[in-house]
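Please treat every number below as a calculation from the coordinates, not as lab data. Keep in mind that what you see is a predicted model, and the values were worked out from it rather than measured. Cβ placement follows ideal geometry from the backbone for every residue including glycine, while neighbour counts extend to all protein chains displayed.
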Amino acid sequence: MAGVLDGVRVLDFGRYIAGPFCGMLLGDMGAEVIRIDKLAGSEDRYLVPVAESGEGPLFLALNRNKMSLTLNPMKPEGREVVRKLVETADVVIANLPQPTLKAMGIDYDSLKAIKPDIILTTVTAYGNGGPYSERVGFDGVAQALAGATYMGGHPGDPMKSFVPFADFGTATMAAFGTMSALLDREKTGKGQLVEGALTRTVMAFNISLIAEEALKSIDRPAYGNRGYSAGPSDVFKTTDGAVMVQVVGQPLFERWANLMGEESWLNDPRFATDMDRGENGELLSARMQMWCKDMTTKEVLDALDEARIPCGPVLSAKQVLEDPHIKAMDFLQDMDFPGLDKPIPVTTTPVKLSRTPGSIRKPTATLGEHTYSILKDLNYTDEQIESMKKARAV
C-alpha cells in the first residue's frame, strides 16, 4: 500500500531526536528518507550501544524507513553531492545551528538557489531572532527555560522530565509543519522554511501555567506529582508498587469521596471546586495514601476501576514490556538489525490512520548501506565514487 507521502524525497541531516524523529514520521507515512551520516557515523548512532557495531536503541528506533548515505559536505566533492541530492529532493531536515547550516550549504537561501520550491525544516533549541538564538541547547535546557523543570520537582528541588518531551514534541510539530508546507506547495508551487524550536514547544505545552501567572501573578511553587488544579491527583504507594490517580471534575470527586467513605467532604467548602481541591490537595493525597497503604497495586486499581476513577500503575521499563495491555496492542513492533542477539522492539507509527496508515517497511540501515546505490542514481561512475572515497568525501 502506498503511503500518504509516497513520491516525496527527504534529506535528513538530523541528529539525536528532534530531527531524526521528524524524518521517521515522514518515512512512516511513505516518504523516501535519506539520512546523511558522517563517514565514521554520527554521534547519535552510538548512544547506549546495544548492537555489535555500536548502534544504540534510540538510534535504531528513530531511523527505520531510511537509507544511509555517508557524506562529508565540507569537502568540495561532498558539497557537489549535496547539490545534486537537493535537486532531487522535496524536503531537507536539519536540527543544526544556523552557522553550521551555512557552512554545509544547506541554509534556506543556499537550498532555494538550487531548488526554488524546496522545503527546509529546521529545529533549534531556542528559535531564531532572540538573544539566546546562537546558544547551544538540548531538551533539558528547553524544559528548564520554559518553566517545566521548576514545576516538575518539589519546592527547592526542581526536576526535568526523564522522557525528553521537548525533543519528541518539537519533532512532531516539525513533521506537522513539513506536511503543511507540502500541502501548501501543491496549491502554490512554492517552498518555504519550517522552523521548530524546543523552547517554543515547551512553552506551548506549559501555556496554562504561564498564562495564569501573567494574569494573576500567583508565582506557584512546585507540586511534585500532585496536581494544583484538581485533587486528589498524585502518585500513591501500595504494598508492592505505586499507582497514579487523577480525580478531575465534580462527578469523579463524588465517586472518589464515596469510595473513601468521606461523603461529608462533598459539602466541605475546602473541596467545593477543582481549584479548591487543588489548593487543599495535600489533605486529599494524605487520605488517599492512607487508603492505599495496606493494599496491593492490583487491589487498588481494581477498586478504583470499579468506581470508574482514572488510575494506572507506575511501571518500570521491564514491567511495561510485561503489561498485558501493552502486549495486546500494536504499540510495539519487533525489528531486526545486524549484531543484535534478538529483534529490538520499536514503536509503531504513533498515530493511526484507518485508510492510509503509517508502516515500518524497512529496518534501520547500517552505516553507509546505501551510499553506492544513491550515488549511482545521481549518475556518478564507479571511478568517481572510488575517487570520492579516497578523498574522504563519502
(request) Could you tell me whether any residue of the range 75-88 is surrounded by fewer than 20 Cβ atoms within 10 Å (Cβ to Cβ) and outside any helix (DSSP H, G or I)? (result) yes
(request) Please list, ordered by first then second residue, the pairs with beta carbon atoms under 6 Å, 6 or more apart or interchain, first in the range 336-361 and part of a loop (DSSP other than H, G, I, E, B), second basic (Lys, Arg). (result) 360/64
(message) Suppose we filter the range 193-209 for residues that are under 21 Å from residue 131 (Cβ atoms) and either of a type in the set (Ser, Thr, Tyr) or loosely packed, with under 13 Cβ neighbours inside 10 Å (or both); how many remain?
(response) 2
(message) Between 389, 327, 352, 298, which is among the charged types (D, E, K, R) and surrounded by 14 or more Cβ atoms within 10 Å (Cβ to Cβ)?
(response) 389
(request) Can you confirm whether the range 20-30 contains a residue that is of a type in the set (A, V, I, L, M), buried (at least 24 other Cβ atoms within 10 Å of the Cβ) and over 18 Å from the mean Cα position of the chain (by Cα)? (result) no
(request) Filter the range 300-334 down to residues that are farther than 21 Å from residue 250 by Cα and either part of a strand (DSSP E or B) or of a type in the set (Phe, Trp, Tyr) (or both), then give me how many there are. (result) 5
(request) Return the only residue of 35, 45 being crowded, with 20+ Cβ neighbours inside 10 Å and not in a helix (DSSP H, G or I). (result) 35
(request) Would you mind listing the helices (runs of 4 or more DSSP H) fully within the range 161-217 where at least 2 residues are on the phi < 0 side of the Ramachandran plot and of a type in the set (Phe, Trp, Tyr)? (result) 165-188
(request) Please verify whether the range 178-189 includes one or more residues that are surrounded by 15 or more Cβ atoms within 10 Å (Cβ to Cβ), touching a residue at least 40 places away in the same chain (Cβ under 8 Å) and touching a Lys or Arg at 6+ places or on another chain (Cβ under 6 Å). (result) no
